[in-house]
Amino acid sequence: MTLTLKSAIAAFGTAAKAKLDNVAATGEPEEQLRSPLEALVLDMVELCGQPRAAVTCVGESALADLKTRPDFAVTRAKALVGFIELKAPGKGADPRRYKNPHDRQQWEKLQSLPNLLYTDGNEFSLWHGDELAAFVRLTGDVERSGKALAAPDELVALFNDFLLWEPEPPRDARQLARQSARLCRFLRDEVTEQLAAGSPALTALATGWRKMLFPEATDAQFADGYAQAVTFGLLVARARGIRLADGMDRVAKELGTTNSLIGAALRIVTQEVEDETSLKTSLATLTRVLDVVQWEAISKGDPDAWLYFYEDFLEVYDNALRKKTGSYYTPPEVVAAMVRLVDEALRSPARFGLPRGLAAGEVTVADPAVGTGTFVLGTLTHIAQTVAEQEGEGAVPAAINAALARLIAFELQLGPFAVAQLRILAEVSTLTGGASTVTPRMFVTDTLGNPQVEEEWLPHTYAPIAESRRQANEIKMREPITVVLGNPPYKEKAKGLGGWVEGENREAEKTAILSHWMPPREWGAGAHAKHLRNLYVYFWRWATYKVFDHDPAADTGIVCFITVAGFLNGPGFQKMRDYLRRRANEIWVIDCSPDGHQPDVPTRIFQGVQQPVCIVMASRVKPDDDTPAVVRFRALPVGKREGKFAALGGIALGDAGWVECPADWRAAFLPASSGAWPTFPALDDLFVYNGSGVMPGRTWIIAPDADSLRRRWDALVHAPKDRKEELFQPHMRKGQLGDKHSMKTVRQGLKGHESR
């Protein structure tokens with residue numbers, strides 16, 4: 001008998017009605033549609049002109065709490081085609097209209113999939129990501145119509161589009177970033193879900209991950225690191241021309257021959273789970289979609305094609321993570337200016353007297369938060385230009401190979417680290433004509449972490465990453481560094497994130513290197529000292545310690561960062577400024593945000609950063625802690641960022657645009673005020689108490705009149721003991737009383753007050 005659409009739908013309706021008639025005895029309605037739907041899919045395969053034997057519907061787990069697992073994965077000729085999500089009859093096939101929280105949350109996750117078919121037996125919808133490609137409604141009702149159920153011809157077209165789907169190669173780096181971000185996010189969600197479900201393989205892997213890299217990582221942070229390691233490992237593999245369809249293990253092995261660290265990470269995070277079913281939806285989709293990536297076609301030979309790749313990736317993957325980690329990448333115009341100014345200081349006969357500047361063999365350069373490698377690339381490019389001008393083009397390859405041994409890059413996140421390696425290796429190949437024989441010194445490590453931490457035993461599989469961590473710690477402990485250059489991450493209220501720099505516990509804080517910047521009480525900084533607990537300050541302290549303090553026999557060099565500008569004049573940073581004036585001989589400050597706080601976006605150096613930012617370069621040629629450094633200041637022009645870039649390109653250390661700042665040890669890194677204003681008394685001189693205000697954490701102490709407050713206080717004071725805490729509204733931590741409750745004695749408040 002010849003198969004027709006009418007006969008196929010009639011068979012589906014008959015089988016579905018028979019199953020659904022017994023739903024009370026046998027389970028959920030959508031479960032009863034599984035076998036009729038499988039038969040319908042195969043009939044539709046034939047109606048679409050495809051061989052039935054080539055297509056397989058693989059039933060996924062039917063656990064109701066799984067949100068990242070569609071009901072079926074569909075393969076054609078053993079290659080993944082897409083997924084089918086089955087819903088109870090009557091629920092519809094437009095997930096945008098679902099009211100049930102489980103269904104809505106599931107749709108938020110599943111819309112990352114590139115080819116997904118939704119059906120409740122009555123309606124069929126085809127989705128490519130979050131875009132609706134086709135929608136068809138059957139005539140009749142799957143629960144009652146039986147063989148009378150009918151479908152329009154558009155259903156065949158819908159299935160044809162679904163079955164013949166092929167991933168499209170992305171046209172440019174931004175499209176690839178957004179595409180891979182959606183799939184990486186889906187993998188992260190699936191890992192999170194499987195960890196919560198108690199997956200033995202992932203739980204064991206998370207334990208090893210913590211030992212290997214991040215001891216304090218939560219399950220959520222592990223899921224994020226896992227997903228990025230896999231996604232960027234696969235992207236690096238494609239950049240090396242490695243086929244992903246050959247399987248994760250083979251990809252990791254091949255990648256390991258050219259890039260041991262990323263290859264090792266990929267092998268570690270996939271070998272334990274590839275053969276089990278826990279992550280097959282996301283891993284299969286990632287390999288299928290990314291296998292068509294053509295790296296050369298995307299970059300078109302432009303080395304800056306990858307400049308903002310990770311920012312574009314984070315915008316889709318997790319924009320909150322970008323803000324949380326301060327992941328904003330530096331425009332090449334800014335990098336070029338900073339590299340050039342450092343090089344000028346190194347070449348200057350009055351300073352370091354190194355004619356080759358950054359190309360000099362005595363100079364070791366480190367970027368402690370390399371991101372996607374822009375500063376390392378800028379340094380390599382500048383070295384190549386210097387050598388070409390001084391010695392000719394033929395000397396460049398050898399100079400670049402020598403420079404790679406003196407360039408150090410640390411990065412905590414595997415995603416940007418992978419992008420940095422791609423960019424740097426490609427640039428090195430260009431600069432050396434493919435003759436590079438040296439591997440860049442790049443390490444996945446926490447720059448702020450304790451370099452003396454004892455190594456735990458790790459399985460042999462972890463050896464490349466364990467060795468990378470060991471080498472990074474060796475550099476942090478022992479190797480002198482001449483120049484620290486970069487754009488460290490920003491994060492306010494970062495207490496506890498400074499690692500060894502901050503002191504990893506309360507006792508260690510007393511002697512940690514950050515303690516040297518804590519202003520004494522008599523300086524009147526008060527609560528303002530809390531602003532030192534910012535990630536960029538931790539990196540400033542690490543860099544200055546490494547260059548100026550770490551090795552008495554090698555205590556000269558340069559630190560040059562672009563960071564937020566609060567330390568230029570904030571009262572909490574007095575000791576930091578005092579330190580920099582003592583350790584450095586010269587300090588140059590470039591105000592990159594003369595437009596003020598929250599300026600118009602087109603005026604910002606970093607368009608996603610609202611705070612003022614500055615470039616500061618501190619140079620120490622000879623030890624002289626008794627003479628304050630000369631601090632010179634200048635501001636870029638107000639207006640569009642392009643004007644700021646142009647001005648940066650024309651700045652030299654010896655030009656006339658600098659203004660000298662006051663020489664007082666703790667003074668702001670700003671020019672002295674002029675006119676009558678500096679003669680006025682400071683606000684601190686007029687007030688007994690200078691604090692940052694009150695953050696009560698509860699609202700009952702706030703009222704428009706004194707009588708209301710008095711009545712509330714009397715009610716609290718005279719309440720029975722078992723009611724006091726309820727009225728007081730104490731701080732709670734993990735179900736226990738926190739540090740504020742009605743029985744706590746406050747031993748020091750405002751002057752002259754002590755209260756309970």
*asked:* Below 8 Å, C-alpha to C-alpha, sequence gap of six or more: please give me the relative contact order for the chain in percent.
replied: 8 percent
_Estimated inter-spin distance, Asp21 and Glu168, nm [label 7 Å along Cα→Cβ]_ = 4.7 nm
*If the cut-off is a Cα-Cα distance under 16 Å, which aspartates and glutamates reach Lys510, setting aside same-chain residues fewer than 8 apart in sequence?*
Glu502
*Relative to the longest principal Cα axis of the chain, at what angle does helix 414-432 sit, 0 to 90 degrees, rounded to 10?*
70 degrees
*Could you give the nm distance between label points at Asn505 and Thr218, where each point is 7 Å from its Cα heading toward the beta carbon?*
2.3 nm
*Could you rank the peptides 492-499, 443-450 by their average count of other C-beta atoms within 10 Å per residue, with the highest value first?*
443-450, 492-499
*Please give the residues of region 524-549, grouped as numeric ranges, whose backbone N is less than 11 Å from a label point set 7 Å along the Cα-to-Cβ vector of Ile701.*
none
_What are the ³J(HN,Hα) couplings of region 658-669, residue after residue, when phi is run through the Karplus curve with 6.51, -1.76, 1.60 and θ = phi - 60°? Round to Hz, x for glycine and proline._
8, 10, 6, 9, x, 9, 4, 3, 9, 5, 4, 7
*Quick one: pull the percent of accessible area on the chain belonging to carbon and sulfur, 1.4 Å probe, ligands and nucleic acids left out.*
53 percent
*1.4 Å probe accessible area per residue over region 518-563, in Å²*: 34 Å²
*asked:* Restricting to Cα pairs below 8 Å that are 6+ residues apart, what does the relative contact order work out to for region 537-591? Please round to a whole percent.
replied: 21 percent
*Across region 173-181, in residue order, what do the Karplus-derived ³J(HN,Hα) couplings come to in whole Hz, using 6.51 cos²θ - 1.76 cosθ + 1.60 with θ = phi - 60° and x for Gly and Pro?*
5, 5, 5, 5, 4, 5, 5, 5, 5
_Taking 35 Å as R0, compute the FRET efficiency from the Cβ-Cβ separation of Lys6 and Val58 and round it to 0.05._
0.80
*Would you mind calculating the relative contact order of region 31-132 from Cα pairs under 8 angstrom and at least 6 residues apart, reporting the percent as a whole number?*
21 percent
*Quick one: angle between helix 101-110 and the longest Cα principal axis of the chain, in degrees between 0 and 90, rounded to 10, please.*
80 degrees
*Using mean Cβ contacts within 10 Å as the protection proxy, how do 362-370, 431-439 order, highest first?*
362-370, 431-439
*Reported label for calculated Kirkwood radius over Cα pairs in Å given (i) 29.9; (ii) 29.1; (iii) 30.9*: (i)
*Would you mind checking the pairs Lys109/Lys491; Lys546/Lys640; Lys109/Lys211; Lys19/Lys87; Lys495/Lys644; Lys546/Lys575 and listing those with alpha carbons more than 25 angstrom apart?*
Lys109/Lys491; Lys546/Lys640; Lys109/Lys211; Lys495/Lys644
*Tell me what the chain gives for mean residue ellipticity at 222 nm when only DSSP H runs of n ≥ 4 count, each as -39,500 (n - 2.57), the sum divided by the residue total, rounded to 500 deg cm²/dmol.*
-12500 deg cm²/dmol
*Ignoring ligands, DNA and RNA, what accessible area per residue does region 91-192 give at 1.4 Å, in Å²?*
44 Å²
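The values are calculated or read from the model by the stated rules, or taken from the named source; none is laboratory data. Quick caveat, the model's predicted, so the values are computed rather than measured. Here Cβ is always computed from backbone atoms with ideal geometry, including for glycine, and neighbour counts include all displayed protein chains. Calculation scope for accessible area: heavy atoms of the full protein, side chains included, ligands and nucleic acids excluded. Shrake-Rupley method; radii C 1.70, N 1.55, O 1.52, S 1.80 Å.
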